[in-house]
Amino acid sequence: LSHRLLVGIDIGGTKMAATAITPNGRILGRAQAPTAAHPTYASFVEGLAQLVEQALAASGYGDGRLAGIGIGCTGPVDPARGTVHNPYTLPLPDGSDIVTPLCQRFGVPVALENDADAAALGECWLGAGAGRQLVVCITVGTGIGAGIVRHGRIVRGAAGVHPEIGHQIVDPAGPECYCGARGCWEALASGTAVGKAGQAAAAGGTSPALLALAGGRPEAVTGELVFEAARAGDEAAERILARAIEASATALFNLVHFLGPDAIILGGGVMRHYDLFEPALREVLGRCILMPVPGMLLAPARLGADAGVLGAARAVAQASGSTEDSS
Ligand SMILES: [Zn+2]
């Protein structure tokens, strides 16, 4: 088994990345392409196949070593059917099967997971969640996604659905979310939400500093610029972040009481600013008096963007029963 390779693929709205990986998680080769470069189903599937071949070529080995392909894809996805249901950010019709064509082309098992689940599985295999029993791994970026991993396996809802933890309501009077609800965690604390609040502050004249950082164009304010302004002492930006941090603390309080995890891992672009979130999150965990999980870990993710490809590779190894602990 040691000379065989897995390929993990991460499909996002902007780019697709593939990585050739040994069964124990060593990365040997990488390839990537812009998602928009493949505007039809047929070209998309062809693009995935090319990425697999490029990652294998970059590893120095050929197709002959390939033992499985794991895909983490921006959801919704149906892991059992191998279909993608995200016509919103992907150039694929609702219900596109991206697993069967790769199985046929390469003659190996192919697994499909939600990208947040794949990232969670990666962090629990080789990152911050390793050795823990019940882990909630949260990715805060454009949106807020999360995966729950119990004893090294993804926890799914009925019919295989992916729990959408980012859409728990933390403020019923909060801003509208695209899901139809009000005050979802994601609508208050994602990078997109922080950026939108920053745009309003810049446009409304309450944050000249943000407006200046964005070159005088309110629509150019991003979440990252809000963090930059807050770190420079801008009060409007600090207020925006205080709300995002408070929403995150409430969400964590809920999560701990629902699930009783022994680890909560925070990753994604927004969590490059983990230091700004940590004090409020630790404080709220201290108030979870009904849930005294001994040694509960709160930590930033460790694998960065590799969590998704590593977790996707892990998923196909588990599905094909080739892990050392596939009980
Ligand atoms: Zn929502």
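The values are calculated or read from the model by the stated rules, or taken from the named source; none is laboratory data. Please read these numbers as outputs of a predicted model, since none were measured by experiment. Heads up, the Cβs are rebuilt from the backbone with ideal geometry, glycines too, and the neighbour counts pull from every protein chain shown. Side chains are part of the model used for accessible areas, which takes the heavy atoms of the whole protein and leaves out ligands, DNA and RNA. Shrake-Rupley method; radii C 1.70, N 1.55, O 1.52, S 1.80 Å.
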Next on the checklist: Please determine whether any residue of the stretch 62-79 is out of contact with any Lys or Arg (no Cβ under 8 Å at 6 or more places or on another chain), buried (at least 16 other Cβ atoms within 10 Å of the Cβ) and more than 30 Å from residue 159 (Cα to Cα).
Outcome noted: no
Next on the checklist: Against the definition (of a type in the set (A, V, I, L, M), touching a residue at least 24 places away in the same chain (Cβ under 8 Å), away from the ligand (no atom under 15 Å from the Cβ) and under 22 Å from residue 298 (Cβ atoms)), how does residue 134 come out, yes or no?
Outcome noted: yes
Item to check | Qualifying helices (runs of 4 or more DSSP H) (wholly inside the stretch 160-215; at least 3 residues being under 24 Å from residue 229 (Cβ atoms) and within 10 Å of the ligand (Cβ to nearest atom)) | outcome: 185-189
Next on the checklist: With the structure loaded, tell me whether residue 74 is among the polar types (S, T, N, Q) and in contact with a helix residue (DSSP H, G or I) (Cβ under 6 Å, 6 or more places away or on another chain) or whether it fails that test.
Outcome noted: yes
Checklist entry - In the stretch 157-181, how many are charged (D, E, K, R), surrounded by 12 or more Cβ atoms within 10 Å (Cβ to Cβ) and in contact with a helix residue (DSSP H, G or I) (Cβ under 8 Å, 6 or more places away or on another chain)? => result 1
Checklist entry - Out of all the residues in the stretch 2-25, is one or more among the aliphatic types (A, V, I, L, M) and open to solvent by 30 Å² or more (accessible area, probe 1.4 Å)? => result no
